[in-house]
1. Which of the residues belonging to the range 215-234 are surrounded by fewer than 18 Cβ atoms within 10 Å (Cβ to Cβ) and either touching a Phe, Trp or Tyr at 6+ places or on another chain (Cβ under 6 Å) or within 24 Å of T121 (Cα to Cα) (or both)?
2. Can we say G183 is surrounded by 23 or more Cβ atoms within 10 Å (Cβ to Cβ) and in the same structural domain as R207 (by TED's automatic domain parsing)?
3. Taking the range 187-219 only, how many residues are under 22 Å from P93 (Cα atoms) and within 29 Å of the chain's Cα centre (by Cα)?
4. Looking only at the range 181-198, count every residue that is within 19 Å of E150 (Cβ to Cβ), in a helix (DSSP H, G or I) and in contact with a Leu (Cβ under 7 Å, 6 or more places away or on another chain) and tell me the total.
5. Of A232, A188, A203, which residue is over 19 Å from H106 (Cβ atoms) and either touching a strand residue (DSSP E or B) at 6+ places or on another chain (Cβ under 6 Å) or assigned by TED's automatic domain parsing to the domain that holds V96 (or both)?
6. Determine whether the range 159-167 contains at least one residue that is out of contact with any Cys (no Cβ under 7 Å at 6 or more places or on another chain), at pLDDT 95 or above and either closer than 21 Å to D92 by Cα or of a type in the set (F, W, Y) (or both).
Amino acid sequence: MKAAVLLAAVALAGCTSTAASAPPPPDFNCSSALASMSPLDAGGQIAPLCGATPYPSAPPDTAAPPDTAAPAPAPSSAPAPPASTALHQVSDPGQVTGTLAGEHCHVTGTAPYQLPDPSCTSGAYDPRVTAAILCAPRYTTRDYRPPVSETTRFKYDQAYPAYGVPPGTRSELDHLVSLELGGSNDAANLWPETGRVPNPKDATENRLHDWVCAATGAQAADRLSAAQRAIAADWTTALSVTGA
């Protein structure tokens, strides 16, 4: 008898709201019926008949635990540092290469502590001249240096006009990255260094060469690369930058 009443109650739950609101028969045990069914079924079918508040159509989702990970840093609004000028790689032993014709170059500083214009003379080195070659006991720049006729012609026909140096000015055609540091003879590495000869830059070049050759193997190669970049960027600070 109770099973039949229960089936009748379930059927009533699927009817109109008027039928669903009708009370169950007197001998129907609401507590037993609710306990024997799942919360979803009890809430959607039996509860209205027993005057109980129906369950929601699905159990509420369990709240996710708070994210304990550190928040991602906000992007920096500071401008990126300017990229340093890359050195040219030119292998040109015994000859002057490139040109400065038509350039308008300006030095900074005063002699003998001048720096060339980086837009005209940014520096160049020969990748074939390694630290092992430079530090060999019998190494000399004589075999790499161009003949005087070539350097003199470049100095007066290109370097002087490009840098606006008046004829007759005392100067030397300088390799920004010196030959003893693997510098090339390309126009990007040559400029008219005015003032007395020899000059303070020569002593810096010698000390950097000694610093490179005080190491061996990979360390010497790293030092050579650092010395080339430092002297090309600012020869007046190259010793302090490298620690030579």
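The values are calculated or read from the model by the stated rules, or taken from the named source; none is laboratory data. These numbers come from a predicted model, not from an experiment. Reconstructed Cβ throughout: ideal geometry from the backbone, glycine too, with neighbour counts over all protein chains shown.
1. Residues satisfying the conditions are A221, D222, S225, D234.
2. Working: surrounded by 23 or more Cβ atoms within 10 Å (Cβ to Cβ): yes; in the same structural domain as R207 (by TED's automatic domain parsing): yes.
Against the criterion (surrounded by 23 or more Cβ atoms within 10 Å (Cβ to Cβ) and in the same structural domain as R207 (by TED's automatic domain parsing)), G183 qualifies.
3. 4
4. Of the residues in that region, 2 qualify.
5. On the way: A232 fails: over 19 Å from H106 (Cβ atoms); A188 fails: over 19 Å from H106 (Cβ atoms).
Going through A232, A188, A203 in turn, just one is over 19 Å from H106 (Cβ atoms) and either touching a strand residue (DSSP E or B) at 6+ places or on another chain (Cβ under 6 Å) or assigned by TED's automatic domain parsing to the domain that holds V96 (or both): A203.
6. Within the range 159-167, one or more residues are out of contact with any Cys (no Cβ under 7 Å at 6 or more places or on another chain), at pLDDT 95 or above and either closer than 21 Å to D92 by Cα or of a type in the set (F, W, Y) (or both).
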